[in-house]
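All remarks here apply to the structure that follows.
Read-outs throughout are calculated quantities, based only on the coordinates presented, and are distinct from any laboratory measurement. This is a predicted model, so every value here is computed, not measured. Cβ coordinates were reconstructed from backbone atoms using ideal geometry, including for glycine residues, and neighbour counts include every protein chain displayed.
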2 protein chains.
Amino acid sequence: MSASTKLSTSVKALCYLSENDKPKNSSEIGKHIGINASKIRMLLSKLGKSGIVRSDSGMRGGFSLGKAPENIHLQEIYCAIEDRKAFYLNVNNTISKRNTSSDKINLYFLDLFSEVQIEIENKMTDITLKSILNKIKQ
Amino acid sequence: MSASTKLSTSVKALCYLSENDKPKNSSEIGKHIGINASKIRMLLSKLGKSGIVRSDSGMRGGFSLGKAPENIHLQEIYCAIEDRKAFYLNVNNTISKRNTSSDKINLYFLDLFSEVQIEIENKMTDITLKSILNKIKQ
DNA sequence: ATAATTGTTACACTAAGTATAACAATTAGA
DNA sequence: TCTAATTGTTATACTTAGTGTAACAATTAT
């Protein structure tokens, strides 16, 4: 799953959970948002480790929101699900030790891309699950 | 080639061309920046269509800069080489006609990602080949 | 004519993304 | 304590994207 797909899928799941007090299991969530239950469990188990959702194993178990929607930030979700470095911005080669102009250009782009990355993350810090819920209800 | 790899490779090639008055062929450029001559030709032929480089076929042909480095903007390079929509930000599913909350969330993220896209492109508009050349000479 | 070059297509290989299944560990409830 | 439902995790098969290279027609200087 790409970073952006994970992010939108997570938000779909969280929005669904926010509509329900009682825990929903991965199969219900999967059906609702149209993706496989296994995938849901893989995603939500990561969100569980960050306290964004609560997960209960066993009979009558399932997933529920771990925090109020106004306290869940997009950036937090993103960090919880994303192990790879961000939005797939990469330069061609690894940097050699010779410090050629190719290396310098690679470094230049790595810098540029991490600036972009920081801007994206800042943007996401300002977005809460609550604000998304409000927007999609319109 | 991913968008970001194409971009950094293009800049490497353009920097190399800026150091030379006479045209350089794809094989020389490829050797210098460490990628295959065919790939170079594929990239530079696109840059040629936008007037960023000049390309001459036949014996004693090759590639040379089509404009002064101060008039070549990163955004321009990016647009010339990139056929796909930008930095690989995508949401999971296509939007159905039922207008479900999943659809709304997809639309929400498509909007968010195109905002990001615009910010990235604006950032690139302010960067010229000249400014990159200055930075990497330091 | 010949040789060097671009522009373009094609192909094989590797890596990443997607969809699904399988199963141990856990837990509620009979 | 046994059973059924559930998570968490690993595995597998398949598809798509990315990478590296080759091939060859078209073009052009000598």
- Message: Under the rule of at least 5 residues apart or a separate chain, name every residue whose amide H is placed under 5 Å from the amide H of A:ASN25.
- Response: A:PHE63
- Task: Please list, in chain and number order, the residues 5+ apart from B:ILE127 or on another chain whose amide H is under 5 Å from its amide H, with Hs placed from the backbone.
- Result: B:LEU74, B:GLN75
- Note on the structure: Within the stretch A:32-56, the residues whose backbone N lies under 15 Å from a label point placed 7 Å from the Cα of A:CYS79 along the Cα-to-Cβ direction are A:47-53
- Query: When only alpha-carbon atoms count, how far does chain B stretch along each of its three principal axes, as whole angstroms with the largest first?
  - Reply: 60, 31, 24
- Query: Based on the Cβ-Cβ distance from B:LYS49 to B:ILE118, what FRET efficiency comes out when R0 is 35 Å, to the nearest 0.05?
  - Reply: 0.90
- Query: Rounded to whole Å and sorted largest first, what semi-axes of the equivalent ellipsoid does the C-alpha gyration tensor of the stretch B:1-64 yield via the square root of 5 times each eigenvalue?
  - Reply: 17, 12, 11
- Label points for A:GLU19 built 7 Å along Cα→Cβ; distances to same position in the other copies, nm, shortest first, come to 6.0
- Which order do B:ILE35, B:ILE105 fall in if you start with the one that has the fewest other Cβ atoms within 10 Å? B:ILE35, B:ILE105
- Message: Greater than 30 Å separation of Cα atoms is the criterion. Which listed pairs, A:LYS6/B:LYS12; A:LYS6/B:LYS49; B:LYS39/B:LYS135; A:LYS31/A:LYS130; A:LYS39/B:LYS46, meet it?
- Response: A:LYS6/B:LYS12; A:LYS6/B:LYS49; A:LYS39/B:LYS46
- Whole-number percent relative contact order across chain B, with pairs defined as alpha carbons under 8 Å at least 6 apart: 26
- Message: Treating the point 7 Å from Cα along Cα-beta-carbon as the label, what are the nm separations from A:ILE118 to the other copies, to one decimal?
- Response: 2.4
- Regarding the protein assembly as shown, what are the three Cα extents along the principal axes, ordered largest first, in Å? 75, 43, 29
- Dipole of chain A, positive end: most advanced residue of A:LEU74, A:TYR108, A:ALA37 [Cβ charges, Cα centre]: A:ALA37
- at A:SER131 the sorted inter-copy label distances (label 7 Å from Cα on Cβ side), in nanometres, are 2.7
